[in-house]
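Just below is one structure, and these are the notes that go with it.
The values are calculated or read from the model by the stated rules, or taken from the named source; none is laboratory data. Just so it is clear, the model here is predicted, and its values are computed rather than measured. Quick reminder, even Gly has a Cβ in these numbers, built from the backbone with ideal geometry, and neighbours come from all protein chains shown. The area values use the complete protein model at the heavy-atom level, side chains included, leaving out ligands, DNA and RNA. Shrake-Rupley method; radii C 1.70, N 1.55, O 1.52, S 1.80 Å.
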Amino acid sequence: MRTHDRPAGAAGLSGFMSCGASPRDHHPVRRRRQRLLPSLALPRRLPDFPVLIEPPDLSAWRAGNNGIPGVIERDSGRPGPEITVVALTHGNEFAGAAAADRLLRDGLSPLCGILRVVFANMAAFERFDRRQPTASRFIAEDLNRVWSHDRLSHPPSSPEMARAIELLPIIERSDFLLDLHSMLWESSPLFISPQTERSITLAGLLSSQADTQFLTLTDLGHVGGSRLIEHQRFIAQPGSGRSVLLEAGQHWRPETVEISARVIRHFVENACFVHWGTRGEPGIAARQAVVTDNVVARSASFGFVSPFRGGHVIEKAGTVIALDGDDEICTPYDHCVLIMPNLCVRRGQLAVRLARRL
C-alpha cells in the first residue's frame, strides 16, 4: 500500500492495517499490471438514475422553532440527553428528510431530554431538479467535509461553511447524533461510526434491531475532509458524544425512506436508555467490518472489472477488481468487502473502500 492513498484527516488512526492485518496476510492492493484482462465496466458518464420518490414539502420546518432555520426542537420536559438527527447534509439525498418530515408530522418526540431534527442544506435541496438529480448535492462545497477544528475556526468562505458554523452550537451540545445519508450506486445499507468504542457501540445497538441488521463499519475517514460524525465532540478522548452515519440505500427509492424512518425511530427510542444505562448495550454487532484501504483513482482510465454492488464480498486475496492506468487493484485479503464502489469515478476521487469483516 502507498501512503499517498491515505485520506486527508486520517492522521492518528491506526493505519491501513488497523484490522490487525500483517504483511503475511495482506496482499498488495496496487501492483503493476501483469496480464490482459476482460473489458472494464467503465461508464464514461453517469447513467440516468430513476427518481422514484418525490422531494418532501419541508416548508413547515424551514423557519425552525429554536432560532436556527431548519432546526426543529422537541423537549420532553424530563432530564436526559440532547439527541440530534441530521437530514439533508447533501441536498439531493432527501430520502432521510422525507422520513424525518413524516415522523415529525406524526409527533416524534424523545422519551427524555431534547430531540433536535436538523435539515442541514435546505438551500441545495431547494435546487433539486429530477432531470439533473446529482447536481444539487451542495452549492459551493460538500457540507460533510468541513467539520475539522481548523475549517470551523475560520470565517466562512462558502454557503456550506456558513451553515456549518450556524449549526455548530447544536453539534457541540449533541450527546447522540445520527446523520442520514443515501447512496448513488446500488449498495446494501450500512452504518459508519468513528473509531471510538462509544460510537461503535451505538452503531451496534442500531444494527442489532430486528429490522435494521445492517453492516456496521469503521473506516479511515474521507479523502476530502472531516465528516460531521468526526467532529471533535464525537472523537475526543476522553469524551461522551456518540455519532453514527446511516447509508440507507439508493438515493431515490421508496425503501430508502422506509429504512431511514425505522432507524430514526430506533435511535430516538433507545438514546435515553443508553444515556442512563438502563438498557444493556450489545457487544459486538453481528456484522462488523473495518476499512483497511481507501483506493483513490490515480488515472482518468480507472475502471472496475465488473459493475460491483456495494457490500459485495470477494472471497480470495489477490483478486483483481479494477485497473487504474498501468496498475491492477487487488483485494488485500480473503472475504474482502467492497464498500460503496464508485462506478464512474474521476481521477483523484475515492473509488472504493476495502474492508475486512470482524
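Restricted to region 236-279, and to residues there that are out of contact with any helix residue (DSSP H, G or I) (no Cβ under 8 Å at 6 or more places or on another chain) and farther than 20 Å from Ser208 by Cβ, the residue that is least open to solvent (accessible area, probe 1.4 Å) is Ala236. One residue stands out among those in region 323-358 that are free of Cβ contacts under 8 Å to residues at least 40 places away in the same chain and of a type outside the set (D, E, K, R): the one that is nearest to Gly221 (Cα to Cα), which is Leu338.
Selection over region 144-162 of residues that are in contact with a strand residue (DSSP E or B) (Cβ under 9 Å, 6 or more places away or on another chain) and open to solvent by less than 80 Å² (accessible area, probe 1.4 Å) gives a count of 10. Residues of region 132-162 that are in contact (Cβ under 8 Å) with a residue 12 or more places away in the chain and either acidic (Asp, Glu) or in a helix (DSSP H, G or I) (or both): Glu141, Asp142, Leu143, Asn144, Arg145, His149, Arg151, Leu152, Pro159, Glu160, Met161. Leu220 meets all of the listed conditions (1) more than 26 Å from Gln349 (Cβ to Cβ); (2) at pLDDT below 95; (3) open to solvent by less than 10 Å² (accessible area, probe 1.4 Å) but one, namely (1).
Being outside any strand (DSSP E or B), hydrophobic (A, V, I, L, M, F, W, C) and open to solvent by 10 Å² or more (accessible area, probe 1.4 Å) is the filter; apply it to region 298-333 and report the residue that is farthest from Ala351 (Cα to Cα). Please lay out each step first, then the result.
Within region 298-333, the subset outside any strand (DSSP E or B) is 298-302, 305-309, 311-312, 315-319, 325-326, 331-333.
If we keep only those that are hydrophobic (A, V, I, L, M, F, W, C) too, we end up with 300, 302, 305, 308, 317.
Cutting the leftovers down to open to solvent by 10 Å² or more (accessible area, probe 1.4 Å) gives us 300, 305, 308, 317.
Values: Ala300: 12, Val305: 13, Phe308: 12, Ala317: 19 Å.
For region 298-333, the residue satisfying everything is Ala317.
When region 66-88 is filtered for residues that are among the polar types (S, T, N, Q) and part of a loop (DSSP other than H, G, I, E, B), the ones remaining, listed by number, are Asn66, Ser76.
For region 122-143, enumerate the residues that are open to solvent by 10 Å² or more (accessible area, probe 1.4 Å) and not hydrophobic (A, V, I, L, M, F, W, C).
First, the residues of region 122-143 that are open to solvent by 10 Å² or more (accessible area, probe 1.4 Å): 122-123, 125-135, 137-142.
Once the filter is applied, which keeps residues that are open to solvent by 10 Å² or more (accessible area, probe 1.4 Å) and not hydrophobic (A, V, I, L, M, F, W, C), region 122-143 yields Glu126, Arg127, Asp129, Arg130, Arg131, Gln132, Pro133, Thr134, Arg137, Glu141, Asp142.
Between a residue in region 90-118 that is part of a strand (DSSP E or B) and any residue that is among the acidic types (Asp, Glu) and surrounded by fewer than 22 Cβ atoms within 10 Å (Cβ to Cβ), which pairs come within a Cβ distance under 6 Å, given they are 6 or more apart or on different chains? Going by the 6 Å Cβ cut-off, the qualifying pairs are Ile114/Asp75; Ile114/Glu82; Arg116/Glu73.
The residue that is surrounded by the most Cβ atoms within 10 Å (Cβ to Cβ), counting only those in region 171-204 that are among the β-branched types (Val, Ile, Thr) and touching a strand residue (DSSP E or B) at 6+ places or on another chain (Cβ under 6 Å), is Ile192. Among the candidates Glu186, Glu166, Glu172, the residue that is modelled with pLDDT under 95 and either acidic (Asp, Glu) or within 19 Å of Gly225 (Cα to Cα) (or both) is uniquely Glu186.
Hey, does region 192-202 have a residue that's within 17 Å of the chain's Cα centre (by Cα), within 20 Å of Met340 (Cα to Cα) and part of a strand (DSSP E or B)? Steps first, answer last, please.
Pass one, region 192-202, residues within 17 Å of the chain's Cα centre (by Cα): 192-196, 199-202.
From what is left, the residues that are within 20 Å of Met340 (Cα to Cα) are 192-195, 200.
Okay, now just the ones that are also part of a strand (DSSP E or B), so 192-193.
Looking for residues that are within 17 Å of the chain's Cα centre (by Cα), within 20 Å of Met340 (Cα to Cα) and part of a strand (DSSP E or B), one finds at least one in region 192-202, hence yes.
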